[in-house]
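K.L.:
One structure, pasted below without further comment.
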Amino acid sequence: MGEVAFHLADTGEGLTEAEVVEWKVAVGDPVEEHQPVVEVETDKARIELPAPATGTLASIGADVGEVVEVGAVLFTVAVDGDVPAASDGAPVAEPAAPEPTPAAPRKVAGDALGAAPRRVLAAPATRRLAVELGIDLASVDGSGPGGRIVEGDVRQAVDGPPSAPAANRGGATAPQRGTPEPLRGIRRAMARSMTAAWAIPHITELRDVDATGLVRLQRALRHRAGEEGIRTGFAPLLVKVAAAALEAHPALNATFDAEQELLTVHGSVNVGVAIDAPDGLMVPVIADAASRSLLDLAREIQALGDAARERKLTPSQLTGGSFTVTNTGAYGGQFGTPMIRSPEVAIAGFGRTRDAVVAVDGEPAVRPMLPLSVSVDHRVVSGAELGNFITTVEELVGDPSLLALGSS
């Protein structure tokens, strides 16, 4: 009998830690090799991690809500016979010592005789604070997800429960005070990304673009995609237009390492598509978008959107972008100042198409107008390059006849 330890590995670019979201197997349960054991959330995505061997889940290294650093033992699996080598986990040198026999249950005021002690869910920082303040976490009710105890709960345990206002003493429940919680996973990545974006010297140009040709093509695409069961809006066309314009203006299809002062202009156009997901803003990447047909783009955007909403995007789907497209028109937005996602150097925002009266050949006409906002990193992209890029986008939106529907 031996044990195999599963060490948290770097599953994405620059991963340093992950938060435990859900244990799918309890300690003592049998597991099969490659069976999902635990779900964790990183700065990139939620990931299910599998058992490195067939056996029994012997121990876990963190409770739900706790953060585990890369390299730490996340769980161990007890196996019969020789300990197998595992790519995801390093064998433990010796079998773990048997756990001590639990003491006879004792009666605690307010609890049933012999009831199992309540499992305490709290992050390491919260546990440290409880020790410093002399608080027994077993006596604290958690207000976080799944009953997790957060720092505000510990501090409230020191201060005592808030007094009910006089107006509520007749039986109405007073609203609870807000409890600060640390940002974790994807939301923390969003905060850090926006902080990095704020440091970039943006310049933004806004234009109202005649989208008559794009609207006509979108109707044709929607009909063609519907025949294959694909749900689609304007997103595939916006990605295709941006990718075609980037091929003509590669200065915007680049990444910039400000610390090393290195600019990389990419040969492949890898477009990130901003998606509003339950965990926050997600930006999965469509590789080589310029060579993809509209139907292919529609199919992949639908799949990526579904994966984002179901929290199933992988780290590889969220990295490697060279440009970003955001469609604020889906939420009624028009013009804005889209924030560049470092280390990229440009981003295009498309607003909501609406009818407007414009001059056409000197006469007033009603046309569908598409708001367009493009931001660039002015350290490496000039105003002239920005203007030329937007002009190309405007031309493609007005006459997208070169954007073939494709058949696969």
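K.L.:
Write out the chymotrypsin sites (Phe, Trp or Tyr not before Pro) in segment 311-388 meeting two conditions: DSSP loop, and at most 16 other Cβ atoms within 10 Å of their Cβ.
P.N.:
Phe335
K.L.:
Something else: Tell me the per residue accessible area of segment 172-222 using a 1.4 Å probe; a whole number in Å² is fine.
P.N.:
Using a 1.4 Å probe on heavy atoms only, each residue of segment 172-222 averages 63 Å².
K.L.:
In whole Hz, with x marking every Gly and Pro, tabulate ³J(HN,Hα) for segment 272-280 from phi via Karplus 6.51 cos²θ - 1.76 cosθ + 1.60, θ = phi - 60°.
P.N.:
Each residue's phi maps through the Karplus curve to give x, 10, 6, 10, 7, 10, x, 8, x Hz.
K.L.:
How high is the FRET efficiency from His34 to Ala196, r the C-beta distance, R0 35 Å, rounded to 0.05?
P.N.:
Result of the calculation: an efficiency of 0.45.
K.L.:
While we're looking at this one, here's another question. Report, in whole Å, the centroid distance computed from the Cα atoms of segment 269-344 and segment 180-204.
P.N.:
One Cα centre to the other: 17 Å.
K.L.:
Please identify the trypsin sites (Lys or Arg not before Pro) of segment 178-234 that satisfy two criteria: DSSP loop assignment and at most 16 other Cβ atoms within 10 Å. Which are they?
P.N.:
Taking segment 178-234 and a limit of 16 other Cβ atoms within 10 Å, the loop trypsin sites (Lys or Arg not before Pro) found are Arg231.
K.L.:
Further, regarding this structure: Treat each spin label as a single point 7 Å out from the Cα along the C-beta direction, and report the Arg309 to Arg177 distance in nm.
P.N.:
Reported label-point gap for Arg309 and Arg177 is 3.9 nm.
K.L.:
If I model a spin label as a point 7 Å beyond the Cα along the Cα-Cβ vector, how far apart are those points for Ser291 and Glu22 in nm?
P.N.:
According to this spin-label approximation, the distance is 3.8 nm.
K.L.:
Could you list the GluC sites (Glu not before Pro) in segment 251-344 that lie in coil according to DSSP, counting only those with at most 13 other Cβ atoms within 10 Å of their Cβ?
P.N.:
Listed in order of number, the matching sites are Glu259, Glu261, Glu310.
The values are calculated or read from the model by the stated rules, or taken from the named source; none is laboratory data. In this text the structure is predicted, and so the values were computed from the model without any measurement. So basically every Cβ, Gly included, is an ideal-geometry build from the backbone, and we count neighbours across all protein chains shown. Side chains included, ligands, DNA and RNA excluded: accessible areas come from the protein's heavy atoms. Shrake-Rupley method; radii C 1.70, N 1.55, O 1.52, S 1.80 Å.
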